[in-house]
1. Can you tell me how many residues within segment 351-373 are among the small types (Gly, Ala, Ser) and either touching a Phe, Trp or Tyr at 6+ places or on another chain (Cβ under 6 Å) or modelled with pLDDT under 95 (or both)?
2. Kindly check whether there is at least one residue in segment 227-249 that is within 18 Å of the chain's Cα centre (by Cα) and at pLDDT 95 or above.
3. Scan (1) part of a helix (DSSP H, G or I); (2) over 21 Å from Ile199 (Cα atoms); (3) out of contact with any Gly (no Cβ under 9 Å at 6 or more places or on another chain) for the single condition Asn362 breaks and write down its number.
4. More than 13 Å from Leu12 (Cα to Cα), touching a Leu at 6+ places or on another chain (Cβ under 6 Å) and buried (at least 19 other Cβ atoms within 10 Å of the Cβ) - does that describe any residue in segment 39-57?
5. Which one of these is over 21 Å from Arg107 (Cβ atoms), within 24 Å of the chain's Cα centre (by Cα), at pLDDT 95 or above and part of a helix (DSSP H, G or I): Val30, Val22?
6. Any residue in segment 341-352 that's over 16 Å from Phe267 (Cβ atoms): show its pairings with residues that are at pLDDT 95 or above and not in a helix (DSSP H, G or I) at Cβ separation under 7 Å, as long as the two are six or more apart or on different chains.
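The values are calculated or read from the model by the stated rules, or taken from the named source; none is laboratory data. No experiment lies behind these values; they were computed from the predicted model shown. A quick note on method: Cβ atoms are made from the backbone with ideal geometry, for glycine too, and the neighbour counts reach across all protein chains shown. Please note that ligands, DNA and RNA were not included when accessible areas were found on the heavy atoms of the full protein model with its side chains. Shrake-Rupley method; radii C 1.70, N 1.55, O 1.52, S 1.80 Å.
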Amino acid sequence: METKDKPKLLILAQLPPPVHGVSVMSQAVVASGILRNNFEICVLPIQFATALQDVGRNNSRKLLKLWVVTIKLVYQCLVFRPDLVYFTLVPTGIPFYRDTMLLTLIRWLGIKPILHLHGIGIRQESHKGINRFLYRWVFHDVDVIHLSPLLYYDIENHVPKERCHFLANGIRSEVQHPRKKAHQALTKGPVRLLFLSNIMEEKGPLDFIAALGILKARGIHFHGTMAGAIYSETCYHQLSALAKSLNLGDAFHFVGPQFGDEKEALFGNADIFVFPTHRDSFPLVLLEAMAHSLPIVASSEGAIPEIIADGVTGILFPKKNIEKMAQILESLIIDSDARTKMGKLGEERFANHFTLEIFETNLTRILVSCCQS
């Protein structure tokens, strides 16, 4: 298709920094070769926070950036004249009001938007004050991309199913396999448990530490590793104190944020990936663990039951049920054959459903369909 024949797509999305699930997926959209083969693309980044700790906090610098984004948005709509605006709208909090203003501007300029949601909370927030009116306005006569049918309940009062497109996230499948070599030297050592996420209470790091304490009290041999950027200093101090009070000693280590080869090595050295999150939509880290052939023990939250085939590629448990999590971990620590089988099936499931190429292909199909309608 010649460039002049391609529909025009304006991408209005959160890009790194900071690095989190939404910005990672938005960067993948911007870089997609499949998308660029079908659209003439213009990118307008939304980067109000530069560090993870700055997300959700307001200051004068962010207000200035909002004015800059607004001016650029008007310019691109008038000069580039997109056929469609792809917009990663934040569904709750102060950023929602900011994004509502930008969406209103897009509509006033006569451009068709499609909203990509990466979070939940709309159902709960809809009952608060002006939100009832705003959500009705935001989702009126607009197509929405959501992560999973399991999350549709959150917007069912505002978006009819015929206007909701479900799109699972995907990540690159080019994975190095240091795990095979590493495990030759680790077969006689303790089973290695890995938790990797931003260190904040809702991701469940305190639950992970508590479960390790239960395993230690039962005489189970293991080594627990926790990795991730510290989002909440309070949470980090709590988990450090808890690990000390449970006398975990050398059985537990916190290694901080890990990227590139260091992150690959963490996955390669692990035997089980643990993710006891309290609140999540579609955590990308589970896809990474599956790509590395790791069995997963995770809480049944958000779209996680769609990612993990319970009892097949991992085992799910009710969130905050630390005793149940410890019980599952104990069974997998003892049963190496079950770990190997789950990890292999998880890698196959990843390859069949959650690669970046699958994500890009399905996203392109959705956007082409919206343009044609």
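1. Looking only at that region, the number is 1.
2. Yes; the residues of segment 227-249 include at least one that is within 18 Å of the chain's Cα centre (by Cα) and at pLDDT 95 or above.
3. The failed condition is (3).
4. There is at least one residue in segment 39-57 that is more than 13 Å from Leu12 (Cα to Cα), touching a Leu at 6+ places or on another chain (Cβ under 6 Å) and buried (at least 19 other Cβ atoms within 10 Å of the Cβ).
5. Values: Val22 fails: at pLDDT 95 or above.
The unique qualifying residue is Val30.
6. Listed pairs, sorted by first residue: Leu345/Val312; Leu345/Thr313; Arg349/Ala309; Arg349/Thr313.
Listed here are the residues, each with its yes/no results for (1) in a helix (DSSP H, G or I); (2) modelled with pLDDT under 95; (3) surrounded by 15 or more Cβ atoms within 10 Å (Cβ to Cβ).
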position	(1), (2), (3)
Ile94	yes, yes, no
Arg107	yes, no, yes
Ile114	no, no, yes
Glu156	no, no, no
Asn169	no, no, yes
Gly189	no, yes, no
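Table: residues versus (1) under 18 Å from the mean Cα position of the chain (by Cα); (2) open to solvent by 20 Å² or more (accessible area, probe 1.4 Å); (3) not aliphatic (A, V, I, L, M).
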{"residue": "Glu262", "(1), (2), (3)": "no, yes, yes"}
{"residue": "Asn269", "(1), (2), (3)": "no, yes, yes"}
{"residue": "Ala289", "(1), (2), (3)": "yes, no, no"}
{"residue": "Glu301", "(1), (2), (3)": "yes, yes, yes"}
{"residue": "Pro318", "(1), (2), (3)": "no, yes, yes"}
{"residue": "Leu329", "(1), (2), (3)": "no, no, no"}
{"residue": "Gly343", "(1), (2), (3)": "no, no, yes"}
